[in-house]
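Quick notes on the structure that follows.
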Amino acid sequence: MEFYRRIPDENIIIDRIGKLVIDILVVIVIAVFVSVYLCKEEKVTGNSMASVLNSNEKVFVDTISYNIFEPDRYDVVMFNIKSKDNMEETYIKRIIGLPGETVQIKDGKIYINDKELNYNSKKDRIVNAGIAADAVKLGKNEYFVMGDNWNSSEDSRFTSIGNVKLKDITGKVWVRVSPFARAGFVGKPK
């Protein structure tokens, strides 16, 4: 049965190194494609989303999915708003109210269409209801956003931001990448 014995490949080390190099190159190309065309890296500024996102953490923002799907309640989104001096400012907040809904904050709690929203119930009551002290009716393609650290957040309760239009939302924050110890997906609250 000598005939069936496999002949050792003289270049087995070179073959393995070549395959490893090709695998590494494929991973790099996929990573570059994803980071350039499908998402954007953004640095979190401020603690309005603490403890989900803290200041100076880096996140990836999915810039494609809202071209296909509508934003959903509790999505963490990045959006741009023009300030008084015509400068564009970037914010990261959580969607609370959806198009067509009425949002109101009374007795430190959030109400959607006159029903209490069971969200962040373990946190302190909302101190400043802002413009949401009166019912805020959301128009077509408008969203009401708030920071998770709601007593330290500039969000839709204030006229400087107000209702956020869909065209101003640049993407969905989906993963925290830095610092490495806190890396992970940014999902809906439990």
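Data overview
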| item | result |
| --- | --- |
| Only one of 182, 157 that is at pLDDT below 90, under 28 Å from residue 56 (Cβ atoms) and not hydrophobic (A, V, I, L, M, F, W, C) | 182 |
| Any hit, segment 33-44, residues being at pLDDT 85 or above, in contact with a Lys or Arg (Cβ under 8 Å, 6 or more places away or on another chain) and assigned to a loop (DSSP other than H, G, I, E, B) | yes |
| Test for residue 74: is it open to solvent by 20 Å² or more (accessible area, probe 1.4 Å), assigned to a loop (DSSP other than H, G, I, E, B), modelled with pLDDT of 90 or more and not hydrophobic (A, V, I, L, M, F, W, C) | yes |
| Scope segment 178-188; condition in contact (Cβ under 8 Å) with a residue 12 or more places away in the chain and open to solvent by 50 Å² or more (accessible area, probe 1.4 Å); matching residues | 179, 182, 188 |
| Odd one out for residue 60, checked against (1) out of contact with any Cys (no Cβ under 6 Å at 6 or more places or on another chain); (2) under 15 Å from residue 169 (Cα atoms) | (1) |
| So residue 151, is it touching a residue at least 24 places away in the same chain (Cβ under 8 Å), within 30 Å of residue 178 (Cβ to Cβ), out of contact with any strand residue (DSSP E or B) (no Cβ under 8 Å at 6 or more places or on another chain) and of a type in the set (S, T, N, Q) | yes |
| Residue count for segment 173-189, restricted to those that are over 23 Å from residue 106 (Cα atoms) and part of a loop (DSSP other than H, G, I, E, B) | 5 |
| Candidate set: segment 101-115, residues that are in a loop (DSSP other than H, G, I, E, B) and either under 19 Å from residue 128 (Cβ atoms) or small (Gly, Ala, Ser) (or both); chosen: the one least open to solvent (accessible area, probe 1.4 Å) | 108 |
| Residue count, segment 77-100 (criterion: in a loop (DSSP other than H, G, I, E, B) and within 17 Å of residue 132 (Cβ to Cβ)) | 3 |
| Residue in segment 110-145 that is farthest from residue 77 (Cα to Cα), counting only those that are of a type in the set (A, V, I, L, M, F, W, C) and in contact with a helix residue (DSSP H, G or I) (Cβ under 9 Å, 6 or more places away or on another chain) | 127 |
| Scan of segment 146-159 for residues that are open to solvent by less than 30 Å² (accessible area, probe 1.4 Å), farther than 23 Å from residue 67 by Cα and assigned to a loop (DSSP other than H, G, I, E, B), ordered by number | 147, 148, 153, 155, 157 |
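For every residue, the table says whether it meets (1) within 21 Å of the chain's Cα centre (by Cα); (2) within 21 Å of residue 156 (Cβ to Cβ); (3) among the β-branched types (Val, Ile, Thr).
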{"residue": "35", "(1), (2), (3)": "yes, no, no"}
{"residue": "62", "(1), (2), (3)": "yes, no, no"}
{"residue": "68", "(1), (2), (3)": "yes, no, yes"}
{"residue": "72", "(1), (2), (3)": "yes, yes, no"}
{"residue": "113", "(1), (2), (3)": "no, yes, no"}
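Matching residues to (1) of a type in the set (A, V, I, L, M); (2) part of a strand (DSSP E or B); (3) open to solvent by 40 Å² or more (accessible area, probe 1.4 Å):
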residue	(1), (2), (3)
119	no, no, no
144	no, yes, no
161	yes, no, no
171	no, yes, no
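The values are calculated or read from the model by the stated rules, or taken from the named source; none is laboratory data. None of these values were measured; they are calculated from a predicted model. Positions of Cβ are backbone-derived with ideal geometry, glycine not excepted, and every protein chain shown enters the neighbour counts. What goes into the accessible areas is simple: the full protein's heavy atoms, side chains included, and nothing from ligands, DNA or RNA. Shrake-Rupley method; radii C 1.70, N 1.55, O 1.52, S 1.80 Å.
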